[in-house]
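Before any comments, here is the structure.
The values are calculated or read from the model by the stated rules, or taken from the named source; none is laboratory data. Only a predicted model underlies this, so the values are computations on that prediction, with no experimental measurement involved. Note that we place each Cβ from the backbone using ideal geometry, even for glycine, and neighbour counts take in every protein chain shown.
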Amino acid sequence: MKRRLEFALAWLSLKFLELLPRAAARAFGSFVARLAYTLRPPLRRAGLINLRIAFPDWTDARRRRLLRDLARHLGWMAAELVHLHDLDRTTIDRVVIPDGFENFAAAHNRGKGVLYLTGHMGAWELGPPAQALFGFPLHFLVRPLDNPRVDALVNRYRCFSGNVPVDKTNSVRTVIRVLRSGGAVGILFDLNALPGEGVFVDFFGVPACTTKGLARLALQTDAAVVPSYCYWDRDLRKYRLRFEPALDLVRTGDLDADVRANTQRFTRVIEDFARCHPDQWLWIHKRFKTRPPGQPPIY
């Protein structure tokens, strides 16, 4: 019942955000996100634990301030997403500017497809539709939301500019087909993985079970792996859609070792972003939930 109510409130909030002007929607989105954060003690606990691991020299007061800032960013992202359909290719730069596009172009021109290494960094829901408005739509892996009505609404926002969602539970053949046609696929890489789906790599000095799918796909297809994220630039008062240079893959001929080495390299990208923009990474996710055998739970 509680879960059903949460989805109903999420659907109503998104629909209401559509009715508001952009500035008002950002303010309302920030209010709702901070309220949700306040009313969910498990989110606060997970956030504090993660920040104690990542920044042991910080005070808890500083960590709590950062988590409130994170909630504000999440509310802004929701507001921007529902208003993105008001923009087109000639006006998208009012909200989002591309940065490092030459890195994406170089990777795309290899002709073997592009795998976007991304995560819950900055405004992760805003980057893919903005990129499509810049003229380069992509496929992206998603897990359908538990509520079909909310799932349909969110996918409408995500896909209005030409992007295509791919159910991550049955994605491998689709992804390989897209890459072989020279397309691009975005993969959220920074979630906790189950033991059979991931490998343990270092994340802020702690073993974190991390999906090995991205490394396997890259090694199998030779697609370029391009770190990409859309984050709030305080100086510009806009979102910056950043494309980093494609990463060089480790290839020793030992598949298991190569998967682990590349997964570690990819994870370092996420950690570097979280250190550089600590108020724009999803600390409230239980990133260390899966533990190595014999180690006690963290949360």
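Brief remarks on what is shown
- In region 231-243, the residues that are among the hydrophobic types (A, V, I, L, M, F, W, C), more than 12 Å from Tyr116 (Cα to Cα) and in contact with a helix residue (DSSP H, G or I) (Cβ under 6 Å, 6 or more places away or on another chain): Leu241
- Tally of residues being within 18 Å of the chain's Cα centre (by Cα) and either part of a helix (DSSP H, G or I) or more than 28 Å from Ala132 (Cα to Cα) (or both) across region 211-229: 3
- Residues of region 28-63 satisfying the condition of being under 13 Å from Pro278 (Cβ atoms) and either in contact (Cβ under 8 Å) with a residue 40 or more places away in the chain or surrounded by 17 or more Cβ atoms within 10 Å (Cβ to Cβ) (or both): Gly47, Asn50, Leu51, Ile53, Ala54, Phe55, Arg63
- Filtering region 66-100 to residues that are out of contact with any helix residue (DSSP H, G or I) (no Cβ under 9 Å at 6 or more places or on another chain), more than 18 Å from Arg237 (Cβ to Cβ) and at pLDDT 95 or above leaves only Gly100.
- Remark: Leu217 matches the filter, which requires a residue to be of a type in the set (A, V, I, L, M), crowded, with 18+ Cβ neighbours inside 10 Å and in contact (Cβ under 8 Å) with a residue 40 or more places away in the chain.
- Cβ-Cβ distances below 7 Å connect the following pairs, each with a first residue in region 69-81 that is of a type in the set (Asp, Glu), a second residue that is assigned to a helix (DSSP H, G or I) and surrounded by fewer than 21 Cβ atoms within 10 Å (Cβ to Cβ), and a separation of six or more residues or different chains: Asp69/Asp279.
- Filter pass, Phe104 being assigned to a helix (DSSP H, G or I) and either buried (at least 19 other Cβ atoms within 10 Å of the Cβ) or touching a residue at least 24 places away in the same chain (Cβ under 8 Å) (or both): yes
- Within region 115-138, the set of residues being of a type in the set (A, V, I, L, M, F, W, C) and in a loop (DSSP other than H, G, I, E, B) comprises Ala123, Trp124, Leu126, Phe134, Phe136, Leu138.
- Among residues of region 4-61 being touching a Gly at 6+ places or on another chain (Cβ under 8 Å) and among the charged types (D, E, K, R), the one that is nearest to Asn147 (Cα to Cα) is Arg34.
- Output for region 180-210, where each listed residue is more than 22 Å from Cys230 (Cα to Cα), outside any strand (DSSP E or B) and touching a strand residue (DSSP E or B) at 6+ places or on another chain (Cβ under 8 Å): Ala193, Leu194, Pro195, Glu197
- So Arg268, is it crowded, with 17+ Cβ neighbours inside 10 Å and not aliphatic (A, V, I, L, M): no
- Selection of first residues in region 162-175 that are surrounded by 15 or more Cβ atoms within 10 Å (Cβ to Cβ) and of second residues that are among the hydrophobic types (A, V, I, L, M, F, W, C) and part of a helix (DSSP H, G or I), restricted to Cβ pairs under 6 Å at least 6 apart or on distinct chains, gives the following pairs, ordered by first then second residue: Asn163/Ala132.
- Among (1) crowded, with 17+ Cβ neighbours inside 10 Å; (2) under 22 Å from Ser13 (Cα atoms); (3) modelled with pLDDT of 95 or more, the one test that Ala24 misses: (1)
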